[in-house]
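Here the structure comes first, spelled out in C-alpha cells, and everything after it is commentary.
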Amino acid sequence: MRTHPTGPEYNPLDDLMRIIEQAEQDHRRLQVAQREIETISGVGAGAAGKIQVRADADGRITQIKLDPRVMKLSSRDLAEEVMLAMQRAQEDSAMRRERVLRDTAGELPDTPAQSLEQFDRTMHTFNRAMDEHESRLDQIFREMDGR
C-alpha cells in the first residue's frame, strides 16, 4: 500500500474515487468479455466440407448443414462424419472462448488441479486486496470524521 501525503491539499476521497474507478473499469472489461463470449460461434466440418456444424460458446450445437451429396454415405459413415464435424465445432468454440478469457483474465491453466490452484491464489490475492481496501476506507472515514 502506498503512503499518503498528509499536507493540507490531501483529500482522502481521492483514494476512494480511485478505488471506485478501478472497480468500474474492471466491471466494464468483464462486460465486454461477456458480450464477446455470447457471440462466439465455433465451426467444424466433416465429409470433405460437405457437413458444416456450428456450436455456441457453451459447446451447444446451433446449426448443422448437410450437402445433399453426403446422403450417398452409409448411415454409419454419415454418423461418424457428423460427429466429427460436431466435435470440431465444439473444439473451435472452446478455443475461441479460452482466447477471450485469456485476453481478459490472463493465461489459463492446463488442468483442473491447476485451475483450482490458480483460483485459490486469485482468491487469496483478492481477499488480501479487499482487506487492504477496507482498512484504507476505514482510515479515510476516520479522517473525514476528524475534520
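The values are calculated or read from the model by the stated rules, or taken from the named source; none is laboratory data. Here the structure is a predicted model, which is why all the values come from computation and not from measurement. Glycine also receives a Cβ, built like all others from the backbone with ideal geometry; neighbour counts cover every protein chain displayed.
Looking at M17, is it closer than 30 Å to M130 by Cα and either assigned to a helix (DSSP H, G or I) or more than 18 Å from the chain's Cα centre (by Cα) (or both)? Yes; evaluated as a whole, the condition is true for this residue. Find the residue count for region 70-89, including only residues that are under 23 Å from S41 (Cβ atoms) and surrounded by fewer than 16 Cβ atoms within 10 Å (Cβ to Cβ). Final tally of qualifying residues: 2.
Considering region 27-86, and only residues there that are among the aliphatic types (A, V, I, L, M) and within 23 Å of A105 (Cβ to Cβ), the residue that is modelled with the highest pLDDT turns out to be A55.
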